[in-house]
Amino acid sequence: MGIVLGANQYGKAETRVVRVVRDGPRHDLRDLNVSTCLAGDLAATHLTGDNANILPTDSQKNTVYAFAKRHGVDQIEDFALLLARHFVTSQPAITRARVDIEEYAWQRLGPHSFQRAGGEVRTASVTVDGDGTEVVSGLTGLVLLNSTDSEFAGFVQDPYTTLPPTKDRILATAVDAHWRHGDDRAADGTGWADSYAAVRAALLAGFVETYSRSLQQTLYAMGERVLREVAGIIEVRLSLPNKHHLLVDLAPFGLDNPGEVFVATDRPYGLIEGTVRRDDAPAADGAR
């Protein structure tokens, strides 16, 4: 039986960088978490310990800091593109680079004062290799709740089923969404902020305006809304945990509870995941 080295990659995970723009008395702040991942002609370091083709992960970290100074940080997609293209073009042994970025929002309190915003985290993932460039934007932790217009009934009943069907329930979730841009957007590299705002608005509208018979139905409605309303998006990947809210039994206290008092549980929870894509969209990068 032969033994061979399979797919491999390496990089620097979660480099935290805060970029302050000191433009007079009014400052601007960008707060990022950057991960780099490189692949290519790296077999020798695994098989013989020869590091001739290895760019140290510490050097990758330092590149993030240097690029934040040299180029500034505006849209995270642009910053990820700069980094990924740099690693592929500057390192002969590297044929594929992926850069993942999370951006943490801060709310302005004054010219140089900020409060960390408690909403979702914006994300971007850029992959550059010999086949081209792929840009995936996204968000995580967008917490949403509908207090009605949601039901769950008609499901399979087996010997272990205790869940009763319901025609009116709270539907709550924390949306993780990632959307893939077409090649034209990846090459053009403009309008990231407008695109992000439009996708976020479409996700919200899909959640709010859908009478839900299942969280799966809501997932599809949200993804479909994005593809119908936002140009240049070819695929939306969604992960929706079902954040259960259970009606509290107040009968022991002589009280009725017509859908007014609930207990929010954190685990276990249902997890609904799916992809909504244009039927003519090219296949995604299989290594993602």
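None of the figures in this text is laboratory data; all of them are computed from the coordinates on show. Small disclaimer: the values here were computed from a predicted structure and weren't measured. Virtual Cβ from ideal backbone geometry, glycine too; neighbours counted across all protein chains shown.
Model label sites at Glu260 and Tyr65, defined 7 Å from Cα along the beta-carbon direction, differ in position by 5.8 nm.
Determine the distance separating the Cα centre of segment 57-130 from the Cα centre of segment 144-179; give it in Å without decimals. Distance between centres, Cα-based: 37 Å. Please find, in a Gaussian network model of the chain (springs between Cα atoms separated by less than 10 Å), the residue of Ile234, Ile272, Ile76 whose mean-square fluctuation is greatest. Of Ile234, Ile272, Ile76, the Gaussian network model singles out Ile272 as fluctuating most.
Computed from the alpha carbon atoms alone, the convex hull of segment 139-288 holds 148 Å³ per residue.
Under 16 Å from the 7 Å Cα→Cβ point of Ala7, by amide nitrogen: which residues of segment 83-101? Inside the label zone: 95-99. Computed from the C-beta positions of Thr148 and Leu271 and an R0 of 25 Å, the FRET efficiency is 0.60 to the nearest 0.05.
For Lys61, the lysines whose Cα comes closer than 28 Å to its Cα, not counting residues fewer than 8 places off in the same chain, are Lys12, Lys69.
Sorted from greatest to least, the principal axis extents spanned by the alpha carbons of the chain come out as 74, 68, 38 Å.
As a rough guide to protection, the peptides 235-245, 252-262 ranked by mean Cβ packing within 10 Å, highest first, stand as 235-245, 252-262. Considered as an equivalent ellipsoid built on the Cα gyration tensor, segment 1-138 has semi-axes of 34, 15, 13 Å, the largest given first.
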